[in-house]
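Asks: The structure's right below; bear with me while I get my questions together.
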Amino acid sequence: MTGNTLELYWDATYAIALALIDEFPDQRPEDVGLVELLHLVERLPGFQDDPAVVSEQTLLDILNVWYEETANP
């Protein structure tokens, strides 16, 4: 871990969704496609995993959690 930045890996879908909310507060998850989501996650501070190993299902899980967390604050 570097400083106060949490290290993020693909299996931490909830933590990634929360980081997306913090890092991109004006971005609406319902407007984000899977390719764009992949790029947003890669830009998160602390993201450490290999973008080439993510599955479509993992991206969908992140997107769903992101949507649920922003729809029901």
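Asks: Can you pull out the GluC sites (Glu not before Pro) in segment 1-48 that DSSP calls coil and that have at most 15 other Cβ atoms within 10 Å?
Replies: Values: sites: Glu7, Glu23, Glu30, Glu36, Glu42; in loops: Glu7.
Those satisfying the criteria are Glu7.
Asks: Using Cα-Cα distances under 8 Å and only pairs 6 or more residues apart, what relative contact order does the chain have, in percent?
Replies: Values: 63 pairs, mean separation 34.5, N = 73.
Result for the chain is 47 percent.
Asks: How large is log10 I(q)/I(0) at q = 0.15, 0.25, 0.26 Å⁻¹ when the Debye formula is applied to the Cα atoms of the chain, each weighted equally and without solvent?
Replies: -0.43, -1.22, -1.31
Asks: Divide by every residue of the chain the summed helix terms, -39500 (n - 2.57) for each DSSP H run of at least 4, and state the resulting mean residue ellipticity at 222 nm, rounded to the nearest 500 deg cm²/dmol.
Replies: On the way: 3 runs with 36 residues, N = 73.
Mean residue ellipticity at 222 nm (helix-derived): -15500 deg cm²/dmol.
Asks: Based on DSSP H assignment, which helices of the chain show an axial Cα extent of at least 20 Å together with a mean Kyte-Doolittle hydropathy greater than or equal to -0.5? Kindly include the intermediate steps, with their values, before the conclusion.
Replies: Values: long enough: 56-71 (22 Å, -0.17).
Those that clear 20 Å and a mean of -0.5 are 56-71.
Computed from the coordinates by the stated procedures, all read-outs in this text should not be read as laboratory data. Keep in mind that what you see is a predicted model, and the values were worked out from it rather than measured. In this analysis, Cβ positions are derived from the backbone assuming ideal geometry, glycine residues included, and neighbour counts consider all displayed protein chains.
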